[in-house]
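**Q** Starting off with a structure, shown below.
What follows is calculated from the coordinates using simple rules that are stated; it is not laboratory data. No experiment lies behind these values; they were computed from the predicted model shown. For neighbour counting, all protein chains shown are included, and Cβ atoms are generated from backbone atoms with ideal geometry for every residue, glycine included.
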Amino acid sequence: MDGKDEGSSQPAAAHVTVDLSIASAAEEDLTGKVHQLPCCIKHDGPTPVSHYFKPKPTEMEVDGLKVEEAYFRGRKLQGTTVSLPHGYSGFILGKKGRDQGTNDPNSHCWETTATFQDITVWNHDAIPSKDDALLRAFHWFTAANALHQTVTAEDLESACID
């Protein structure tokens with residue numbers, strides 16, 4: 001076998017396991033420390049970010065969002081910190097190794113290493129607003145809740161048009 005499905009030129013799918021349990025005592029709460037920057041950083045691992053990246057509050061408020069200011073590699077960034085909706089949490093995942101239940105070399109297992117309840121979203125060319133892509137994505141939480149809500153017989157009767 002060459003790692004491809006029979007009759008297909010596509011590689012075999014990887015088996016991925018994600019453990020979102022919050023039971024780990026080593027898990028860290030990163031609320032107030034998670035940032036989405038408008039750039040690509042080609043580094044994966046710990047670094048003393050707080051020594052170099054120092055956000056400061058401003059007097060400005062846009063769309064009800066308090067604007068913060070910081071500089072990254074000499075570029076001015078403007079951002080805002082937003083809380084995740086009630087009932088939701090953010091997860092930072094770390095690679096745990098291969099899934100122990102399989103011998104598949106494409107198998108990977110991820111585990112929760114930290115959680116967060118808010119995120120600071122940064123822009124380098126615009127003041128943050130509710131029209132930013134990440135903030136607009138938060139509207140999907142409301143839609144998902146409505147779609148997955150249990151519908152009772154009373155709900156159906158009240159929605160019927162005679």
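**Q** Between THR58 and LYS95, what is 0.36 nm times their sequence separation minus the Cα-Cα distance? Round to one decimal in nm.
**A** Stretched out fully, the THR58 to LYS95 stretch lengthens by 9.6 nm.
**Q** Taking a threshold of 20 Å on the Cα-Cα distance, which of the pairs LYS42/LYS130; LYS56/LYS76; LYS33/LYS96; LYS54/LYS95; LYS54/LYS96 fall above it?
**A** LYS42/LYS130; LYS33/LYS96; LYS54/LYS95; LYS54/LYS96
**Q** While we're looking at this one, here's another question. Okay, which of the range 112-136 sit inside 12 Å, backbone N to the point 7 Å along the Cα-Cβ direction of ASP29?
**A** Output list for this probe position: 115-118.
**Q** Within a Cβ distance under 13 Å of ARG136, other residues only, what is the Lys/Arg minus Asp/Glu net charge?
**A** Around ARG136, the charge tally is -2.
**Q** With the Cα gyration tensor of the range 25-154 giving a ≥ b ≥ c as the square roots of its eigenvalues, does the rule (a/c under 1.5 for rounded; else a/b larger than b/c for prolate; else oblate) give rounded, prolate or oblate?
**A** Note, shape of the range 25-154 comes out oblate.
**Q** HIS43 to ALA143: FRET efficiency via 1/(1 + (r/R0)^6), r the Cβ-Cβ distance, R0 41 Å, to the nearest 0.05?
**A** That pair, HIS43 with ALA143, gives E of 0.70.
**Q** How charged is the neighbourhood of VAL67? Take every other residue with its Cβ under 9 Å from the Cβ of VAL67, and add Lys/Arg as +1 and Asp/Glu as -1.
**A** With Lys, Arg at +1 and Asp, Glu at -1, the neighbours total -3.
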